[in-house]
1. Among Ala135, Ala119, Ala190, which is the only one that is modelled with pLDDT of 60 or more and farther than 15 Å from Gly67 by Cα?
2. Does region 55-70 hold any residues that are assigned to a loop (DSSP other than H, G, I, E, B) and surrounded by 11 or more Cβ atoms within 10 Å (Cβ to Cβ), and which are they?
3. Can you tell me which residues in region 20-36 are within 20 Å of the chain's Cα centre (by Cα) and in contact (Cβ under 8 Å) with a residue 12 or more places away in the chain?
4. Look at region 110-123 and say how many of its residues are surrounded by fewer than 19 Cβ atoms within 10 Å (Cβ to Cβ) and touching a helix residue (DSSP H, G or I) at 6+ places or on another chain (Cβ under 6 Å).
5. If you scan region 71-94, which residues turn out to be within 15 Å of Val126 (Cα to Cα) and surrounded by fewer than 11 Cβ atoms within 10 Å (Cβ to Cβ)?
6. Among the residues of region 55-95, how many are on the phi > 0 side of the Ramachandran plot and among the acidic types (Asp, Glu)?
Amino acid sequence: MNGYEDLVDNVAAQALSQSLPRVLTVATSIRDDSLATLVKLELMGYWEDNPEMSADVVVPEYRTVAGNWYDDYGRRFLVQDEKIAFVNEIRLRQGVAELEGYSTATQVLSMRQPSYAEAIRDSLKVNVSVFQFHANTICQVLANIRVHILEELAQRQEAIAAVRISKQEPGDDIILVKPQLYGVGIDLRALWRRTLGSKG
């Protein structure tokens, strides 16, 4: 089994928080800055304090989850106009280790997204404060990330095949990530695009 096959098997079988550090090592070995940047973003999250987060970086569409907005009294914002249905979707910025932790939950998750909420208030005159979605949707996000990483590896098969990859032993450390929740906004539709960019 060459380096490429071994790495692909690892990414396919292991938790992303365990396999992505190996991908990062390989990306460094083959001097592939693009792959290294992607892996660092997926590991540490698409946050403003991540050194890899630049003005050109957009939170990928494959990190989208659908849910509902609620106000502080638990009342749901019912979106009846299909033209603004996009407000019931956000793209998760958290690193893969944090997402894996969330995916084990069995209940609905709630996240405060102040800038999204502010945009809804300013544009639609509706007060909301909490975005809720079911934890099982994160499993799909993690699957999407895994597929994207495998596709990126496939594009570099020849270079990776020549790399000797050491075996990862059980209990190896993973990268520690710091949970944060940020957002940006102005115009409602522009906000949903802009929050996918460089600011957290």
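The values are calculated or read from the model by the stated rules, or taken from the named source; none is laboratory data. Since the model is a prediction, treat every value here as computed from it, not as a measurement. Using ideal geometry, Cβ is built from the backbone for each residue, glycine included, and neighbour counts are taken over all protein chains shown.
1. Within the list Ala135, Ala119, Ala190, the selection yields Ala119.
2. Passing the criteria: Val57, Val58, Val59, Pro60, Gly67.
3. Leu20, Pro21, Arg22, Val23, Leu24, Ala27, Leu35, Ala36
4. Residues in region 110-123 being surrounded by fewer than 19 Cβ atoms within 10 Å (Cβ to Cβ) and touching a helix residue (DSSP H, G or I) at 6+ places or on another chain (Cβ under 6 Å): 1 in total.
5. Asp72, Tyr73, Gly74, Leu78, Gln80, Asp81
6. Qualifying residue count for the region: 0.
A quick yes/no check of all residues on (1) outside any helix (DSSP H, G or I); (2) closer than 13 Å to Leu150 by Cβ:
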position	(1), (2)
Asn10	no, yes
Ser19	no, yes
Thr25	no, no
Leu41	no, no
Trp47	yes, no
Asn50	yes, no
Met53	yes, no
